[in-house]
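Enquirer: Let me give you the structure first, and then I'll get to my questions.
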Amino acid sequence: MPSVVRASCLALLAACVSAAEPAADPGAQSAPPRPRVTIATDAGAIVCELFPEQAPQTVRTFLDLATGQREWTDPATGAPVRRPFYDGLIFHRVIKGFMIQGGCPLGTGTGGPGFTFADEINAASLGLNEAKLLAGQGLHPHVRYPPMMGQARNWLSERMGDSAAAVLRQQDPAAARQALQQELASFTLREFYDHLGYNYDDSLPASTRPKRSYLAMANTGPDTNGSQFFILVGDAPHLTGKHTVFGRVVTGMAVVDAIAAGAVDPQRFRPREPVTIRSIRPVRAAEGESGDGAASDGADAEPEAGADAEPEATADAEPEPDAE
């Protein structure tokens, strides 16, 4: 084929392909890259990616405390200060196979920044609106640990009190019992957690489940977030809907595992030789790892938020990472 004809054919093909492609929307903007921080510790560096789209207030507060942008109350003096909050604090609570927890200015698990803020959890995306409180022959795996088991049974007893009395007045006891069982089986985890005081925001983007390598806020109950956070070294489905997940480890999971493997006081889970957080600072764009967001060092690649199948929790699930 003459070169002139070949060139004409190629030009025509290129024009057809271009015409078939939709024109770019000049107003469209790609999502901004997620912020990253480096948690510098005595045991090594942990680089984390944060989720501002899922938990905007949580991420903003964490970053502002880390960099000294937000004022907090020094528990030693009671005076307001504005300096990097996490510098020099320790991972004060460590449970092997479960998590490492830090962010207490007293190093005991009882301290915080002098303020609290609300949870940021999309219950619908986590399946809490449909999951039944009674699963099979017993309670849902997420509540099969003390004190949740007792609270769930008490709540069910209260909710069913009037219905149970109505059963006794039915002319057909068998039918009444069946209706009672159907009502009992209809209660959801969301209803029970609402009773406990948890407040959800289903207008937020889908939340991420608490899994190995993810960061979440420690708390003493609903809407009691402060400065304490934990990094999971194992999946924790029983924490779903109770703690705000706001980031994940992208490099340095080996450091997290090493901290979690250290010797601890078995009564308080306090490390015999606590690891110190030297600083938590944002990672500048030029310092970032590869832009593909791939996890490494044993950290799980991020699943689609809210959509991953969850492993079943056992009845002897680990205690919750509370800010005491």
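Any read-out appearing in this document is the output of simple, stated calculations on the displayed coordinates, not a laboratory observation. Predicted model only: the values in this text are computed from it and were never measured. Here Cβ is always computed from backbone atoms with ideal geometry, including for glycine, and neighbour counts include all displayed protein chains.
Enquirer: Can you order the peptides 218-225, 72-79 by their average number of other Cβ atoms within 10 Å per residue, highest first?
Expert: Most protected by this proxy first, the peptides run 218-225, 72-79.
Enquirer: Modelled label-to-label distance, Asp201 and Ala174, 7 Å Cα→beta-carbon offset: nm?
Expert: 5.3
Enquirer: Net charge within 13 Å of Leu63 by Cβ-Cβ distance, Lys/Arg positive one each and Asp/Glu negative one each, not counting Leu63 itself?
Expert: Value of the local net charge: +3.
Enquirer: Checking the cross-link filter: which lysines have an alpha carbon closer than 26 Å to that of Lys96, excluding same-chain neighbours under 8 positions apart?
Expert: Leaving aside lysines fewer than 8 places away in the same chain, those within reach of Lys96 are Lys211, Lys242.
Enquirer: A further question follows. Compute the signed sum of charges (Lys and Arg +1, Asp and Glu -1) over the other residues within less than 12 Å, Cβ to Cβ, of Met217.
Expert: That sum, taken over residues with Cβ under 12 Å, equals -4.
Enquirer: Shifting gears a bit: Based on the alpha carbons, how large is the Rg to Rh ratio for region 112-228 when Rh follows Kirkwood?
Expert: Ratio of gyration radius to Kirkwood radius: 1.07.
Enquirer: Gap in Å between the Cα centre of region 210-258 and the Cα centre of region 112-158?
Expert: For region 112-158 versus region 210-258, the Cα centre distance is 17 Å.
Enquirer: May I pose another question? Which whole-number percent is the relative contact order of region 67-119 (Cα, under 8 Å, 6+ apart)?
Expert: 31
Enquirer: Also: Rank the residues Ser207, Ser157, Ser279 as a footprinting-exposure proxy: fewest other Cβ atoms within 10 Å of their Cβ go first.
Expert: Ser157, Ser279, Ser207
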